[in-house]
1. Express the relative contact order of region 300-351 as a whole percentage, based on alpha carbon pairs under 8 Å and six or more residues apart in sequence.
2. Would you rank C146, C52, C75 by solvent-accessible area, highest first, keeping every protein chain in place and using a 1.4 Å probe?
3. Give the ranking of R149, R247 by solvent-accessible surface, highest area first, calculated with a 1.4 Å probe.
4. Considering only H89, G120, L99, whose Cα is most displaced toward the positive end of the charge dipole of region 86-206, charges sitting on Cβ of Lys, Arg (+1) and Asp, Glu (-1)?
5. Excluding ligands, DNA and RNA, what is the solvent-accessible area per residue of region 75-191 at a probe of 1.4 Å, expressed in Å²?
6. Could you put D245, D281 in order of accessible surface area, largest first, with the 1.4 Å probe and the full protein assembly present?
7. Kindly provide the GluC sites (Glu not before Pro) of region 48-89 that DSSP labels as loop, not H, G, I, E or B, and whose Cβ sees at most 16 other Cβ atoms within 10 Å.
8. Packing-wise, with mean Cβ within 10 Å as the measure, how do 155-166, 261-272, 81-92, 232-243 rank, highest first?
Amino acid sequence: MFFAAECKALTVCLVGFRSTGPYYGRLGCCCKIFLVAVDQNQEQVNERVEGCGVIVLGLETSCDETGIAVYDTRCGLLAHRLYSQIAVHAEYGGVVPELASRDHVRKVMPLIHEALAESGLVVNDLDGIAYTSGPGLVGALLVGACFGRSLAWALGKPAIGVHHMEGHLLAPMLEDNPPEFPFIALLVSGGHTQLVQVDGIGQYQLLGDSLDDAAGEAFDKAAKMMGLPYPGGPALSQLALVGDDKRFTFPRPMTDRPGLDFSFSGLKTFTRTKILAMAVDGVLAEQDKADIAAGFQAAVVDTLSLKCKRAMKQTGIKRLIIAGGVGANTRLRQQLRDTAEAMGGAVYYPRLEFCTDNGAMIAYAGAQRLAAGQSSDLAVTVVPRWPLVDLPAVAGVTAMEIAIDG
């Protein structure tokens, strides 16, 4: 549902969403009225900070984190805010889609106010709005899409739906030393494990994909088997620090055959079998648990590293980026750095706070497309499943140009 009405001093944006489908046992409807102050003084509306580029507000609501950011194509990242729903979902051991959607509704507006205040801007200073439109949980996506699209319409500014994984892929561009095109991207998160050749923004070639569980999903499931707290992936990585990764011989899935695809379901099964064999009266000793965690992590990291090495050899490209939540794993970062340097290459990754879902990556990705003249129409459209290779290219954009402008 979408409605906006303008007054002299206020624009009233009624933003709502209605979600049905396999994740909703009954019809869910949630609405919220946002009051957005709009200055009608034309001189103030037209006044801009000297030296500004294209200023974009980014909204990320694809899963269980509400991320808001303001990005300027000339001055860089001006502000970002992030709210995690870990406490909301912890008692369920995983993300509950309806709860995630409702929490986004509660948090998105206060975080926008905070980000604008930090950047010293008001809504009239924005040149466009970028919001995650997929992939992700449909209800959660609709919160950001409805708000972003209606706010842009009320302000008379363009808006664009951003691919969540493109945001992750471009997150290293927010750093002081961004990679030049082309490069190989390892996108590794709770829902995706992909190797992508990146020749430019929107110029993507899928080299390898997970045939079953993503690496992050495998981490979470293995952690749950061991009784570790939610979220399981970071807990397992922490436990692995005190374990012996050589005590158990874990398989390295699909490394004994050619190709760049991944499979982690067999590794998950091996972990389950090992836990059942080692447990006494259903209880696993703490050192056994740590050693299993270390062996599991080493197997995943070795598999990812070998596939990245193959991709670099196959393409001849020596620049590698790591993006996505699993990219925060310390062992993975170090091993991929060693692999790239041994091949005469270099590895790039975003700062830790931008490995997980965040608004900064969405603001950046959206800014590049809006600056190139791309935008979405007035329809509020979300795509829970969306192949990265379907995105249109941004013509003529190079990493060097981005570094200069940003």
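1. Working: 47 pairs, mean separation 22.4, N = 52.
Computed value for region 300-351: 43 percent relative contact order.
2. Details: C146 5, C52 35, C75 75 Å².
Listed by decreasing accessible area, they come as C75, C52, C146.
3. Working: R149 10, R247 100 Å².
From most exposed to least exposed: R247, R149.
4. Final value for the positive-end residue is L99.
5. Numbers: 3660 Å² over 117 residues.
Result: 31 Å² of accessible area for each residue.
6. D281, D245
7. On the way: sites: E50, E60, E65; in loops: E50.
Those that pass, being in a loop and sparsely packed, are E50.
8. 155-166, 232-243, 261-272, 81-92
The values are calculated or read from the model by the stated rules, or taken from the named source; none is laboratory data. Predicted model only: the values in this text are computed from it and were never measured. Reconstructed Cβ throughout: ideal geometry from the backbone, glycine too, with neighbour counts over all protein chains shown. Heavy atoms of the whole protein, side chains included, go into the accessibility calculation; ligands, DNA and RNA do not. Shrake-Rupley method; radii C 1.70, N 1.55, O 1.52, S 1.80 Å.
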